[in-house]
Amino acid sequence: MVSLTLTILIPVLFVLLLGYFAWRAKAFNAEQVTGINELALDFALPASLFVGIVAIPRTQLVQDASFVVAVLVDLVGLYLVSLVIGMRLLRLPTTAAALFALGASFPAAPFFGPAVLGGLFGASSDIAIAATAIIANLVLVPLTVVVLEASPRSRRPNLKAVPVAAAAGGTSASDNEAADNDSGWTETKTVIRNSLVHAAKQPYVWAPVVALVLVLTGIHPPSLLTSMLKLIGQATSGVSLFVGGLLLAAYTVRLNRAVALNVALKSVIQPALLIALMVLLGLPRTLAREGMVAAALPSAVIAPMLAARYKTYEAEAGSTMLLTTVLMMIVVPVSMLLVA
């Protein structure tokens, strides 16, 4: 089992390093990386997930419902716990704590899943990849964006400091405060709605959902359609890993207490928590292996991307992604041994 795992991981490492050194050699610029990333996430991966899921029997999907629940509890539960750890234990600002939590709880299933899980378990691993992508993008990312967007508003000047005389036809300080609160809640609702809509529009989120609906309703797409999608879907593994290497090269490692704890939560606690949930739910050993390996994948690139956009926790988020990628070469074989 270990030899098989290494046989899968060594080519993965090779393609990652290929992308890494391509960036170092300045063979690609940021705009080109964005285009390749869109090819992988918006075209190849959705096609691969759709084809893989529509081929799964309906009875198996129903049986996998408990697996999806375990993934949901693992990702969301660890996110909330990590958020508290970031704010209370590490004393991070709220925005940094949200990115700390996202880095600890969002595995890089869209990037590394097709190569690692697909190589180890075949098409059945599409459920693990799809469940992770859907839950993370519909729950974790919108929640993080809400925290990031809400934080600047909390630092706005207090309107009570600028009272207006009600007798002069204006509003009182309390009225202004109430209006500000209403405005703040309206903005928060808008952020939540926009984040959910944006996440739902991502092809790698809605494509597996459509496939799930087709399977559950007993509708079989034409074989010509699946053949066409399969052709572009085959590019997922190599392109995604190459992009991952390009992105890794853009970050430098910073090792401090926050990064060390972030890496430990992602690479050790998350897979351990998921395997505990699966044992508790009595899931089959095959599903347990797929779930644990999916959870052992590195931190997703979305955390450093958001960190760069909001100018907070940037070096730490990039370092977490880089270090968890290196540790994947150890954590994945160990995970396979634990559930062999």
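The values are calculated or read from the model by the stated rules, or taken from the named source; none is laboratory data. A quick note: this is a predicted structure, and the numbers were derived from the prediction, not measured. Please note: Cβ atoms are built from the backbone with ideal geometry, for glycine as well, and neighbour counts cover all protein chains shown.
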Practice problem: Answer yes or no as to whether residue 317 is among the small types (Gly, Ala, Ser) and crowded, with 20+ Cβ neighbours inside 10 Å. | Solution: yes
Residue under question is residue 48, and the condition is that it be crowded, with 23+ Cβ neighbours inside 10 Å, among the polar types (S, T, N, Q) and at pLDDT 95 or above; does it hold? no
So, first residue more than 11 Å from residue 61 (Cα to Cα) and modelled with pLDDT under 85 in the range 203-215, second residue charged (D, E, K, R) and assigned to a helix (DSSP H, G or I), Cβ within less than 9 Å, six or more apart or across chains; the pairs are 204/42
Of the conditions (1) surrounded by fewer than 22 Cβ atoms within 10 Å (Cβ to Cβ); (2) modelled with pLDDT of 70 or more, the single one that residue 177 does not satisfy is (2)
Q.
Tell me whether the range 121-144 contains one or more residues that are touching a Phe, Trp or Tyr at 6+ places or on another chain (Cβ under 9 Å), surrounded by 23 or more Cβ atoms within 10 Å (Cβ to Cβ), more than 27 Å from residue 214 (Cβ to Cβ) and of a type in the set (Val, Ile, Thr).
A. yes
Check the range 274-297 and report whether any residue there is part of a helix (DSSP H, G or I) and farther than 30 Å from residue 58 by Cβ.
no
Subset of the range 53-85, residues among the small types (Gly, Ala, Ser) and modelled with pLDDT under 95, comes to 55, 65, 66, 70
The helices (runs of 4 or more DSSP H) lying wholly within the range 28-141 that contain at least 2 residues that are over 18 Å from residue 332 (Cα atoms) and either free of Cβ contacts under 8 Å to residues at least 40 places away in the same chain or not aromatic (Phe, Trp, Tyr) (or both) are 30-38, 45-54, 58-63, 65-84, 94-105, 126-135
Filtering the range 283-337 for residues that are of a type in the set (D, E, K, R), within 19 Å of residue 141 (Cα to Cα) and at pLDDT below 85 leaves a count of 1
